[in-house]
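Here's the structure, in structure tokens; my notes come after.
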Amino acid sequence: MEVKRVGIVGSGIMGAGVAEVAAKSGFEVVIRSRAQASADALIAGLEKSLAKQVEKGRLEDADRAATLERLRVVTDLADLADCDLVLESVVEDLAAKKHLFNELDRVCGESTILATNTSTLPVVDLAMETGRPEQVCGIHFFNPAPAMALVEVVRAITSSDDTLRTARAFAEACGKTVVDVCDQAGFIVNA
């Protein structure tokens, strides 16, 4: 599967960082924020970050504008329905993430891969909240996502090889160095 449109749930530091990385890498990015105020703050922060990169000569102004055009912020989960891959980056709370994966399974297209950016929670527990456990994996970016080169692609016991290949290809297209890890406490780096 080729990923063209990426959904990100969570507008905090990690969600914003991954959104910036993905949009700069050419992906269409739909970011879901629970409230319009935090959505507006996210866009303002991204605009500031990209402007600073232009100022320092690390990014061309045309690339800054193109990156911003590829970003869209929404407040409704249903707006993620046509994403090829959805990455959640919400609070590290298993109950909250389980509820979210149940909701994402309901609103996303049947071919959508669902991924978590968790650094500590069992990916398989999230996969089992869906009707597509083979299409669930971890894609663990490190903070700050624009600066950190490493991404852990986490294989839950239920993850298919196709899902992992797609997750790896996405992370590599974002310019990251990818390591494949098993679904165990702390994965590699935090363990």
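The values are calculated or read from the model by the stated rules, or taken from the named source; none is laboratory data. Quick caveat: nothing in here was measured; it's all calculated off a predicted structure. Heads up, the Cβs are rebuilt from the backbone with ideal geometry, glycines too, and the neighbour counts pull from every protein chain shown. Only protein heavy atoms, including side chains, enter the accessible area calculation; ligands, DNA and RNA are left aside. Shrake-Rupley method; radii C 1.70, N 1.55, O 1.52, S 1.80 Å.
Condition first: open to solvent by less than 70 Å² (accessible area, probe 1.4 Å) and assigned to a helix (DSSP H, G or I). Now tell me which residues in the range 10-23 satisfy that. Listed by number, the residues that qualify are Met14, Gly15, Ala16, Gly17, Val18, Ala19, Glu20, Val21, Ala22, Ala23. Only one of the numbered conditions (1) open to solvent by less than 40 Å² (accessible area, probe 1.4 Å); (2) closer than 13 Å to Ile8 by Cα is violated by Thr75, and that is (1). Would you please list the contacts, defined by Cβ atoms under 8 Å and residues six or more apart or on different chains, that run from a residue in the range 125-145 that is within 16 Å of Val181 (Cα to Cα) and of a type in the set (Val, Ile, Thr) to a residue that is assigned to a helix (DSSP H, G or I) and modelled with pLDDT of 95 or more? Here the result reads Val136/Phe101; Val136/Val123; Val136/Leu126; Val136/Ala127; Val136/Thr163; Ile139/Ala167; Ile139/Phe170; Ile139/Ala171, each pair linking the range 125-145 to a residue that is assigned to a helix (DSSP H, G or I) and modelled with pLDDT of 95 or more.
Step by step: first the residues of the range 157-186, then only those that are outside any strand (DSSP E or B), of a type outside the set (Gly, Ala, Ser) and open to solvent by 70 Å² or more (accessible area, probe 1.4 Å), then the one that is modelled with the lowest pLDDT. Which residue is that? So that I can check it myself, show each step before the final result.
Filtering the range 157-186 down to residues outside any strand (DSSP E or B) leaves 157-176, 183-186.
Checking which are of a type outside the set (Gly, Ala, Ser) leaves us with 157-158, 161-166, 168, 170, 172, 174, 176, 183-184.
From what is left, the residues that are open to solvent by 70 Å² or more (accessible area, probe 1.4 Å) are 157, 161-162, 165, 172, 184.
On the way: Ile157: 96, Asp161: 97, Asp162: 98, Arg165: 98, Glu172: 98, Gln184: 72.
Only one residue tops the list, namely Gln184.
Pairing each residue of the range 150-177 that is over 19 Å from Glu20 (Cα atoms) and free of Cβ contacts under 8 Å to residues at least 12 places away in the same chain with any residue that is open to solvent by 50 Å² or more (accessible area, probe 1.4 Å) and part of a loop (DSSP other than H, G, I, E, B), provided the two are 6+ apart or on different chains, yields C-beta distances under 9 Å for Arg165/Met1.
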